[in-house]
Amino acid sequence: MQFEVFTLLPEVFPSYLETSILKRARDRGLINVRVHNIRDYTHDKHHMTDDTPYGGGGGMVMKPEPVFEAIESVLGRFDYAQDASPQTPPASVSNIPIILLTPQGRVFNQTIAKELSAHPHIALLCGRYEGIDERIREHLVTDEISIGDYVLTGGEIPALILIDAISRLLPNVLGDPTGAEDDSHAMGLLEYPHYTRPPEFRGWHAPEVLLSGDHAKIDKWRRQQALERTFKKRPDMLEKAELTKEDLKFIEKLKAGK
Ligand code: SAM
């Protein structure tokens, strides 16, 4: 999968991308991340990428010219004459999502990560300052994603979060091919708890069932633990989760406090 990141701070990306699973995924050609410096697409002496907001007020606004030029140089130039309506993907790249990271976007979750992992190529646009000139959002961007209801200083960490969450879902990225299947949110539940050696630590024991070697029992225990955690910590998730009759019976017991 190919990621194109557009940012004013390319130096933020290497340390994270050169570590652990993402590094291995890149080394094995499973993902490729190209980070483009928007400042390289300015033509004035001072390489200006921002300017004061029309109408006054504090902060600076990212100018449209370098952002359009950066994205068009990488993804191809768009034919605006045919399609000038806001929020419609430019015809020539309609299959490549151009995602603006913004606190005003749809809130990122595992379902969106899964949806985006189906694209072979996506572009991520990181804002800074007060944000971007609205014409970029209207005529260039095809999707807007927020990583939560709070405001950060820039879109770089949100972009890394998307790259990480999406990459984990791609074939062969995780060492264990089933690794992402049980993860929290993958199946609409929080994941069951994990234990490792030693079997006893400071008098606290790992659950015996996990040491039993009985995989049917282990599966049942894990499922019930996942249901119980979700019931206690995120009951809202149970409304959308796919539940079996047995799950529902177990939840009834939890509700009854048994
Ligand atoms: N003035 C903007 C607003 O109120 O919507 C916020 C601008 S923020 C200080 C600067 C940049 O950080 C944004 O353009 C965006 O790229 C990024 N950003 C901040 N919070 C974010 C979030 N929750 N999710 C995704 N991106 C975010």
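Table for the structure above
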quantity: Value of [θ]222 nm, deg cm²/dmol, for the chain, DSSP H segments ≥ 4, -39500 (n - 2.57) each, nearest 500; calculated: -9500 deg cm²/dmol
quantity: Listed residues Gly188, Leu211, Leu125: farthest to the positive end of the dipole of the chain (Cβ charges); calculated: Leu211
quantity: Most mobile of Pro235, Pro199, Pro14 in a GNM of the chain (Cα contacts under 10 Å); calculated: Pro199
quantity: Estimated FRET transfer efficiency when R0 is 45 angstrom, pair Lys114-Lys45 (beta carbons, to 0.05); calculated: 0.45
quantity: Extension gain (nm, one decimal) between Thr52 and Arg197, 0.36 nm per residue minus Cα-Cα; calculated: 46.4 nm
quantity: Quarter of Cα convex hull surface for the chain, i.e. mean projection, nm²; calculated: 19.5 nm²
quantity: Cα-based shape type of the stretch 184-255, given that a ≥ b ≥ c are square roots of the gyration tensor eigenvalues and the cut on a/c is 1.5; calculated: prolate
quantity: Other-chain or far-sequence residues with amide H under 5 Å of Val35's (modelled H); calculated: Val5
quantity: Beta bridges per DSSP with both ends in the chain, % antiparallel, nearest 5; calculated: 15 percent
quantity: Cut-off under 5 Å, modelled amide H: who pairs with His121 long-range; calculated: Gln2
quantity: Subset of Lys23/Lys217; Lys23/Lys45; Lys232/Lys258; Lys114/Lys255; Lys220/Lys253 violating a 25 Å alpha-carbon distance limit; calculated: Lys23/Lys217; Lys23/Lys45; Lys114/Lys255
quantity: Virtual spin-label span in nm between Glu18 and Asn32, 7 Å along Cα→Cβ; calculated: 2.0 nm
quantity: Amide proton proximity set for Ser146, modelled H, under 5 Å, gap of 5+; calculated: Thr102, Gly105, Arg106, Val107, Phe108
quantity: Inter-label distance for Asp236 and Asp182, nm, one decimal - labels placed 7 Å from Cα along Cα-to-Cβ; calculated: 2.7 nm
quantity: Loop-resident sites, the stretch 167-258, for GluC sites (Glu not before Pro), counting at most 15 other Cβ within 10 Å (DSSP); calculated: Glu181, Glu239, Glu242
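Quick note: the coordinates plus some simple rules give every number you see, no bench work behind them. Note that the coordinates shown come from a computational prediction; the quantities given were computed from them, not determined experimentally. As a convention, Cβ positions derive from the backbone with ideal geometry for all residues, glycine included, and neighbour counts pool all protein chains shown.
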